[in-house]
Structure formats: C-alpha cells, structure tokens
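Undergrad: Can you read through this structure? Questions will come right after.
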Amino acid sequence: MKELRLNGAEMTDKKTTHVYLKNELNLPDYYGNNLDALWDCLTTDFSPKYISICNSDILIENLGAYGESIIRLFKDAAKENDCIKVDFEVEKESDGGQQDNGVICDTDLNE
C-alpha cells in the first residue's frame, strides 16, 4: 500500500492547494484543479493508498469552507473507494511526535 502524507499547512489558497495535491498524490496531467476533478481521481484510482493528512485545522483556517470541503471529500472518497484509507493527524505538544514544518503531529483518528 502506497503511503502519502499531506500537510494542511501547505494548502494556503485554492490554486496552491490543487498544485500541491496534484504533486503529492501524483494526479494525472489532465487533473482539473477543482474538487470535482479531485473526487474523480480519488474514486476511480484503485491502487491501494494510505493518505495521512496533518494540520487539517490549519487547512480550514487558510481556506475556510473550501478547506472543510476538501476534508469531507477525502472522507467520502475513502468510503466510496475501498482502496483508499484516510487518516487525520492532530497537533501535539513536543512529546516525541513527528515534526513537520515546525508543527508536531501524531495520528489521532482513522476515518
């Protein structure tokens, strides 16, 4: 199973978010840089993937309702496509957690 780690802090606006997702998820060249295109890519790719998303709170802070839609899309895509597992990480105090761009995150919940 391919393991991918996405950092919500890297998603600062819509354009940057879709460039980041395209690169990190290795989406095809024809990826349309919108949520419908992301949904199509995630629900029609049946290669096993474990996607861990860190700093989802920062993603929401940066993008508001659009950030919430991205999170919901990943959760729904994992329900739709059994080959995708999505996990969200939460910020933790410095206790041996994993460092990521100055923010420490540990796995918190499985969706």
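Throughout, read-outs are computed from the coordinates displayed, never taken from laboratory work. Keep in mind it's a predicted model, so treat the numbers as computed, not measured. When we count neighbours, we look across all protein chains shown, and the Cβ atoms used for this are built from the backbone with ideal geometry, even at glycine.
Undergrad: Hey, what do the phi angles of region 60-71 turn into as Karplus ³J(HN,Hα) couplings, whole Hz, using 6.51/-1.76/1.60 and θ = phi - 60°, x for Gly and Pro?
TA: In residue order, the calculated couplings are 5, 4, 6, 10, x, 4, 5, x, 4, 5, 5, 4 Hz.
Undergrad: Hey, another quick one. Out of region 1-81, which GluC sites (Glu not before Pro) are coil in DSSP terms and have no more than 10 other C-beta atoms within 10 Å?
TA: Answer by residue number: there is no such site.
Undergrad: Under the rule of at least 5 residues apart or a separate chain, name every residue whose amide H is placed under 5 Å from the amide H of residue 50.
TA: 2, 3, 4, 85
Undergrad: Still on this structure: Counting other Cβ atoms within 10 Å, keep those with at most 16, restrict to DSSP loop, and tell me which chymotrypsin sites (Phe, Trp or Tyr not before Pro) in region 33-85 are left.
TA: When the chymotrypsin sites (Phe, Trp or Tyr not before Pro) of region 33-85 are filtered for loop state and at most 16 Cβ neighbours within 10 Å, 46 remain.
Undergrad: Between residue 65 and residue 5, what FRET efficiency follows from the Cβ-Cβ distance if R0 is 35 Å, with the result rounded to 0.05?
TA: Rounded to the nearest 0.05, the efficiency is 0.90.
Undergrad: Could I ask something else about it? Report the gain in length on full extension from residue 23 to residue 50: 0.36 nm times residue separation, minus Cα-Cα distance, nm rounded to one decimal.
TA: 8.1 nm
Undergrad: Okay, moving on. For the pair residue 40/residue 82, report the inter-label distance in nm, with labels modelled 7 Å from Cα in the Cβ direction.
TA: 2.6 nm
Undergrad: Okay, moving on. Under 25 Å Cα-Cα from residue 14, which lysines qualify once same-chain neighbours fewer than 8 residues away are excluded?
TA: Reachable lysines: 22, 49, 75, 79, 85.
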